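The values are calculated or read from the model by the stated rules, or taken from the named source; none is laboratory data. Keep in mind that what you see is a predicted model, and the values were worked out from it rather than measured. Note that we place each Cβ from the backbone using ideal geometry, even for glycine, and neighbour counts take in every protein chain shown. What goes into the accessible areas is simple: the full protein's heavy atoms, side chains included, and nothing from ligands, DNA or RNA. Shrake-Rupley method; radii C 1.70, N 1.55, O 1.52, S 1.80 Å.
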Amino acid sequence: MQSEKTTGSGLSIFGRIESAGEYLFTVFMVMLTAIGGALSRFLTAVGRKLAWAGGKLLVLLKRLGGRIAEPFKRYIKVFRIGNGEVRRAREKGVLPACAAGTRMTGRILFGKRGVIVTLCNWALPVISCAFLFSVVSYANSMTYALRLSVNGDFMGYVTDESVFNDAEKIVQQRITYLDSNTEMFSFDSSYEVEMVGYGSTLTKYQLADKMLSSVDAEISFAYGMYIGSSFYGALESKDRVEQTLESLLDVYREGGEETVAFESKITYEPGLYLTESIVSEDSIIKLITTKKTVAAYYTVVEGDSPLGVLSKLGMTEEELAKLNPDFSLESFLQIGDKLLITQEEPFLAVTVTRRETYEEKTDFETEYVDDPTRYQGSSVTTRDGEKGVERVTADVSYVNGVETRRKVLNRVTVSEPVSEIIALGTKEIPSGVIAPIPQNRPVGQFIWPVGGSDGGQISEMMYGYGGYYNHGGIDIVAPYGTPIFAAESGTVILAQWYYGYGNCVMIQHDSGIVTVYGHASYLHVYQGQRVTAGELIADVGSTGQSTANHCHFEVRINGVQMNPINYLPWHQRAPWCVEY
């Protein structure tokens, strides 16, 4: 009874396995058919023209399903055959039944088309592709390089010959520091092409260390200090040098938005150096904190005299003449002339770039209107112009405190400029005197030669009385077009462009004195014309060697320039006018 129970139980297990396999296969095929049918119906609904493609796709899916189901059909067939063998073997006992079941399992797993064989058929191509990919990847990671030998000793691999050339320069820098008498070492290189792995080549600094290690000299590890591209020695420690460099930069730091750095890049290259190339931190600190004398130029500006330039520069006549052989206290200096000077600068130039906001004046325009109440050639300012104001944001760069560059980032108008209005006389000028002549004028005194609302201002005295070197008269600043009058009656002996005087009038007076009126914008008289004191002869301008609208007035006796102040009534001086 026990034997029958066991056999019945075994038959039930194998039967259930067979039924489950058939059921799963049927469900799988039904699912594939349903998916294919649904996809076919979808493609048919899209359009009749796609029906053919849907049918082909359905056929393809059925074939694919058949290919996928084929192994399962074989496994079910094996199950059925094995099940029959197990049934027959069961009649002979438990052990024969177990043996039959084992054979069935073996055929399923390791048969000619068993599960293991099928998996191997599918896996081997994948494994082969993976292996091929790894071989290709390894081959790609390999690279050709030059096997470098120096003086017969193998050094390593380099990408090209330039690595050796650069390394040799580094070595020569390290072994020839400043006034060192260390003899130059020679390095003979030889190359062979070989295939090496990625990252197997040497950098120029690694190669330099290897080359130094091969020389017959005492070497040590240190930090090579470079300022720009120049080598200044090797340091065993660089902490104090770095602290000193930071303190040099701190002098220029003000806080806020700024960038402070040395103009030349300072780097430290760790490596092997000749022992005699190693210097102390004190010697480097002494070097970088010194000042050097460099050539520079001073540009002459308006109002400069030789004595004034010497005072500005803090130099003696001999010192400046040594640099400029043509210079002396009697030299005639023109605006824009450049004088060679020397000045001290820090050994390490510091560049500072700051974000600055400041206000800047903007020029106003000048409007001219006709005034029929005034004589032609005369003018008066009826409304003073006012400059506008703009708030400017800019990045300003300085080198050693001297501005070298200004990049404007933004401008905001704070106030608009107000135009200046000048009324120009249109009334016809009658013959004769038009300038007011003071009553009871002292004998020998000239009338004031410039008209306008206030007669202008004296801006520059004659040389020797406060004016710059070789200035032979006085300058009277007045607006463009202001009338210029004859200071005394006489005959016009020159009315034309005259060298640096620009448009110029010269009048020979009855007393023999000659008066000169320079830089005019327009001449109203001609040579040989007789004029009366106060008669209009020219208009104020800025022709010739002039930097602003003014009348240059001279008094000459027998060709000698006299101080005009002694021949004119007192008049207002400009705030910047120097007189002594």
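One table, with the values for the structure above:
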quantity	calculated
Distance in nm between pseudo-label sites at Leu307 and Thr357 (7 Å out along the Cβ direction from Cα)	4.8 nm
Total formal charge among the other residues, if their Cβ is under 14 angstrom from that of Ala533, Lys/Arg +1 and Asp/Glu -1	-1
For Met315, distant residues with modelled amide H under 5 Å away	none
Carbon/sulfur fraction of accessible area - the stretch 434-550, other protein chains in place, 1.4 Å, %	49 percent
Length-normalised contact order for the stretch 443-580 - Cα pairs under 8 Å, 6+ apart - percent	30 percent
³J(HN,Hα), Karplus 6.51/-1.76/1.60, whole Hz, each residue of the stretch 215-225, x for Gly, Pro	7, 8, 7, 7, 10, 8, 7, 7, 10, x, 9
Relative packing of 285-295, 475-485, 498-508, 210-220, which averages over residues the other C-beta atoms within 10 Å, highest first	475-485, 498-508, 210-220, 285-295
Amide hydrogen neighbours beyond the local backbone of Gly473, cut-off 5 Å, H modeled	Tyr463
Which listed pairs, of Lys292/Lys407; Lys265/Lys338; Lys210/Lys238; Lys387/Lys407; Lys169/Lys238; Lys338/Lys387, have C-alpha distances above 26 Å, in listed order	Lys292/Lys407; Lys265/Lys338; Lys338/Lys387
Computed FRET value (nearest 0.05) for Val294 with Thr316, which takes r as the C-beta separation and R₀ as 25 Å	0.80
Net charge contributed by nearby residues that have their C-beta within less than 14 Å of Leu323 (K/R +1, D/E -1)	-3
Relative contact order (percent, whole number), the stretch 250-405, Cα cutoff 8 Å, 6+ residue spacing	29 percent
Inter-site label distance for Val560 and Ala34 at 7 Å from Cα along Cβ, in nm	13.2 nm
Under Karplus coefficients 6.51, -1.76 and 1.60, residue-wise ³J(HN,Hα) of the stretch 276-281 in Hz, glycine/proline x	6, 8, 7, 10, 7, 5
Karplus-derived 3J(HN,Hα), 6.51/-1.76/1.60, for each residue of the stretch 478-494, Hz, glycine and proline x	7, x, 4, x, 4, x, 10, 10, 5, 6, 7, 5, x, 10, 6, 9, 7
Efficiency of FRET from Cβ geometry, Glu254 and Tyr522, R₀ 51 Å, rounded to 0.05	0.45
Sequence-distant residues sharing a close amide H with Val196 (under 5 Å, placed H)	Thr143, Tyr144, Ala145
